[in-house]
Each structure stands twice: as structure tokens, then as C-alpha cells.
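Right, one structure below, let's go through it.
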Amino acid sequence: MNKYVVIGRPRAGSLIAEFLLTAANVEYEFKNISIDEAQQEDFKRMSPFSKIPVLVCPDGQTIFETVAIVIHLVEKFPQLAPQSSTSERNYLWQYLALIQTSVYAGYHRQFYSHRYAPKDAAKEVGILAAQDREVAYSYINDKLDPYVLGQNKSAVDYYLYMVTRWDPNIDQLFSNKVNLESFVALMKEDEAVKKVLLSHNL
């Protein structure tokens, strides 16, 4: 049987696929792809906007978009999430969507604001993205106990931890979010997180 293949870059959004596969004790191969390589037509056939990650499944199917990859892995490996049809499972999807639309996308709009607005408006786009991100982080901070869904770790915790790694000023992020700071410290000790980060010398 073929292995999963994660196509991405070590510090980027492909970390979530690696975290989840490792947490589920599933062997996979990591394929590093440069920004230039991602612009090639063969990659664009898998990911039309040249974005990573792309997950290649053992049967050859390819999945792009980070949330779609997380959903696939949650459905494939039930140990990564609460049982289906439970309130906790509903909240998992809620927080996954919140992090994707307001935090993950917020970092992208800030760091690559020139892609979202003309030059004279790009700075304002970045500022608004940071404000949206702050609202989402503050809301999540109030809910952490110690994980997003309470006492049990799930896929959304790995997703949240990944995006916090991109913050340009982590001390400022933690300044009024004690729960989030404790959560990040907890996730840093997670065995799957440590194994993946070590594999990339991060």
C-alpha cells in the first residue's frame, strides 16, 4: 500500500497534515516544494492557485485546501476528533472554520496584502486583517480549557497551534491571553508536534 504524501514547506500550512498524520501514527512522506516549483503547470493541476499543502492519498487522490485536508484526515482517522453527531464534533467544525477564515486567512491577508488590494490600500487591508485575527484569538482564548474542546485534545488544537507559530509578535499576542499562552506551551510538549518539528529542524 502506498503512503500518504504531504506536499508543502516546513514552516507553512502543510504542518497541520504532518501533525495529524503523526498523531494518528500514520506513515507518510514529506515532499518539499519551492514557490517556483508550485507555479508549474503540473502542480497547478493539483492546486490551481499554486497553494500548499496538497495531500496525496494512498489511492492517488489529491486534496488541496487546508480545511479539506483536515476534514479528510478526521474522517479517516476517528481518533483525531470527538465522535460524530456529538456537540463536541459540531464545535470542532465551528472552530476549524473560525481559525481558517479569521486567523489563517488573516495572516495571509496581512503578510501578502498586496495580493488583496491596490498598493495604496494594501496597508489598510493588513491592519483590518490583524484586527479580525485579534477578535478570533480573544474569543478562542476565553474558551480554552485547556484545549479548544475542553479536556480532550483534537485535530483543531493542532490547527490552532500551527497558526500561532506565524504570529509576528508572539509576546504581544499572549499579553492579554493567558489561556492561549498556556495552550501553546502545552502543545509544544505534544509528541506529534515535537516529532514533526524536529524532522524539519524547527
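The values are calculated or read from the model by the stated rules, or taken from the named source; none is laboratory data. The shown structure was predicted, so the numbers you read here are calculated from the model rather than taken from an experiment. Note that each Cβ is placed from the backbone with ideal geometry, even for glycine, and that neighbours are counted across all protein chains shown. The area values use the complete protein model at the heavy-atom level, side chains included, leaving out ligands, DNA and RNA. Shrake-Rupley method; radii C 1.70, N 1.55, O 1.52, S 1.80 Å.
Of everything in the stretch 162-186 that's hydrophobic (A, V, I, L, M, F, W, C), over 17 Å from ALA129 (Cα atoms) and free of Cβ contacts under 8 Å to residues at least 24 places away in the same chain, which residue is most open to solvent (accessible area, probe 1.4 Å)?
Start the filter on the stretch 162-186 by keeping residues that are hydrophobic (A, V, I, L, M, F, W, C), which leaves 162-163, 166, 170, 173-174, 178, 180, 183-186.
Adding the requirement that they be over 17 Å from ALA129 (Cα atoms) leaves 162, 174, 178, 180, 183-186.
From what's left, free of Cβ contacts under 8 Å to residues at least 24 places away in the same chain: 174, 184-185.
Values: PHE174: 29, VAL184: 10, ALA185: 56 Å².
Filtering first and then ranking leaves ALA185.
Which ranges mark the helices (runs of 4 or more DSSP H) fully within the stretch 1-103 that have 2 or more residues being surrounded by 14 or more Cβ atoms within 10 Å (Cβ to Cβ) and within 13 Å of the chain's Cα centre (by Cα)?
Of the helices (runs of 4 or more DSSP H) lying wholly inside the stretch 1-103, those with at least 2 residues that are surrounded by 14 or more Cβ atoms within 10 Å (Cβ to Cβ) and within 13 Å of the chain's Cα centre (by Cα) span 15-23, 66-76, 87-98.
Among all residue pairs at least 6 apart or on different chains, which show Cβ distances below 7 Å where the first residue, located in the stretch 1-27, is modelled with pLDDT of 95 or more and among the acidic types (Asp, Glu) and the second is open to solvent by 30 Å² or more (accessible area, probe 1.4 Å) and outside any loop (DSSP other than H, G, I, E, B)?
Qualifying pairs under 7 Å: GLU18/PHE30.
Counting only residues that are over 18 Å from the mean Cα position of the chain (by Cα) and either within 25 Å of ASN90 (Cβ to Cβ) or part of a helix (DSSP H, G or I) (or both), how many does the stretch 107-134 have? Steps first, please.
To start, the set of residues in the stretch 107-134 that are over 18 Å from the mean Cα position of the chain (by Cα) comprises 113-128, 131.
Now restrict to residues that are either within 25 Å of ASN90 (Cβ to Cβ) or part of a helix (DSSP H, G or I) (or both): 113-115, 119-128, 131.
Here the count works out to 14.
Given the structure, is LYS194 under 22 Å from THR66 (Cα atoms), at pLDDT 90 or above, in contact with a helix residue (DSSP H, G or I) (Cβ under 9 Å, 6 or more places away or on another chain) and not in a helix (DSSP H, G or I)?
Working: under 22 Å from THR66 (Cα atoms): yes; at pLDDT 90 or above: yes; in contact with a helix residue (DSSP H, G or I) (Cβ under 9 Å, 6 or more places away or on another chain): yes; not in a helix (DSSP H, G or I): no.
In short, no.
Checking GLN94 against (1) touching a strand residue (DSSP E or B) at 6+ places or on another chain (Cβ under 7 Å); (2) over 19 Å from GLY13 (Cβ atoms), which test does it fail?
(1)
In this structure, does ARG115 turn out to be surrounded by 14 or more Cβ atoms within 10 Å (Cβ to Cβ), basic (Lys, Arg), more than 28 Å from ASN2 (Cα to Cα) and free of Cβ contacts under 8 Å to residues at least 60 places away in the same chain?
Answer is no for this residue.
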